[in-house]
Amino acid sequence: MIPLSWYLFFSAALFSIGLFGALSRRNAVAILLGIELMLNSVNVNLVAFWRYGDVSMMAGQVFAIIVFAVAAAEVSVGLALVISVYRRRNTVIAEDLDMLKW
Amino acid sequence: MTPEKIIFLIVAGATLASGLMVVTTRNLIHAALWLVATLFGVAAVFAILNAGFIAVVQIVVYVGAIAILFIFAVMLTRKDMRDSGPQHNKNWWAGALLAVMTFGGLVFLVQSWASLSKAAADIPSGFDAVSQLGNQLTSPNAYVLPFEVASVLLLAAMVGAVYVAFNRK
């Protein structure tokens, strides 16, 4: 049987990879890709804790389903913003979008 | 080493390798395709955890919808796709440092926590996780309110995405 800590290490590694992508990429679409990796690693944790706890308590799976819904909402609005910005400013490089900076 | 552990290590290694490709590849279409590979790996981890329904939802929602949405977004913003400049900003080392520190801190926390090496209890025979999940998602005594809030959130996101991306000209 696989110990629970292996799943936690796996999801910590996936979260860190996603964090690096979200912090270091220049392209706004690539930043959203990193955020997707982070959301996925959270889901691994939730389902692993469901499996290693009381399996008749479905809270872990319910939370995973709700994280799916939140991720779908986040990515649809985020990509709509990216496309709208691209149409107006002709760039998706996050550093060039500094209209709010002074 | 049981076969289960070997399968988990192979799946986890492939998933983490494709996750690293997602954040380092220059070509964004390739990054989106590596994301598909990562999502399949995470679905395999869900299957190893006996959460078959979550694994199927992961493939349908993430690979079928979200990854395709990413590929469309990359193609619609194509001018910057093969941008000649660097793909990482000039503070990428700070991001890498922060990610490594986060990973180290999480590993330290998990290791300092006892009782993590215990094996999972066997799933009782006759236990149907999918029907249990469906009952709890629609039962007023359990999670019907978060479920409805999630559906309202999806509706709001759909209206918002159409409004934001709508071309007024």
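Of the helices (runs of 4 or more DSSP H) entirely within chain A, those holding at least 1 residues that are touching a His at 6+ places or on another chain (Cβ under 7 Å) and at the interface with another protein chain (Cβ under 7 Å from one of its Cβ atoms) occupy A:4-24. List, please: which pairs have Cβ atoms under 7 Å, are six or more places apart or on different chains, and start with a residue in segment B:58-70 that is more than 13 Å from A:LEU79 (Cα to Cα) and end with one that is crowded, with 17+ Cβ neighbours inside 10 Å and among the small types (Gly, Ala, Ser)? Filtered contacts from segment B:58-70: B:GLN58/B:ALA43; B:ILE59/B:ALA43; B:VAL61/A:ALA72. Output the residues belonging to segment A:48-64 that are buried (at least 19 other Cβ atoms within 10 Å of the Cβ) and more than 14 Å from the chain's Cα centre (by Cα). Within segment A:48-64, A:ALA48, A:TRP50, A:ARG51, A:TYR52, A:VAL55, A:MET58, A:GLY60, A:GLN61, A:VAL62, A:PHE63 qualify.
Where helices (runs of 4 or more DSSP H) fall wholly inside segment B:1-88, the ranges with 2 or more residues that are buried (at least 19 other Cβ atoms within 10 Å of the Cβ) and in contact with a Ser or Thr (Cβ under 6 Å, 6 or more places away or on another chain) are B:3-24, B:28-48. Of all residues in segment B:141-169, those that are within 18 Å of A:ILE65 (Cβ to Cβ) have Cβ atoms under 6 Å from Cβ atoms of residues that are surrounded by fewer than 16 Cβ atoms within 10 Å (Cβ to Cβ), 6 or more apart or on another chain, in B:VAL144/B:THR138. Considering B:ALA120, B:ALA142, B:ALA150, the condition of being within 24 Å of the chain's Cα centre (by Cα), of a type in the set (A, V, I, L, M) and more than 19 Å from A:VAL75 (Cα to Cα) is satisfied by B:ALA120 alone.
Does A:ALA73 satisfy the condition of being at pLDDT 90 or above, among the small types (Gly, Ala, Ser) and in contact with a Leu (Cβ under 6 Å, 6 or more places away or on another chain)? Yes.
The values are calculated or read from the model by the stated rules, or taken from the named source; none is laboratory data. Predicted model only: the values in this text are computed from it and were never measured. Neighbour counts are summed over all protein chains in view; Cβ atoms, including those assigned to glycine, are modelled from backbone coordinates with ideal geometry.
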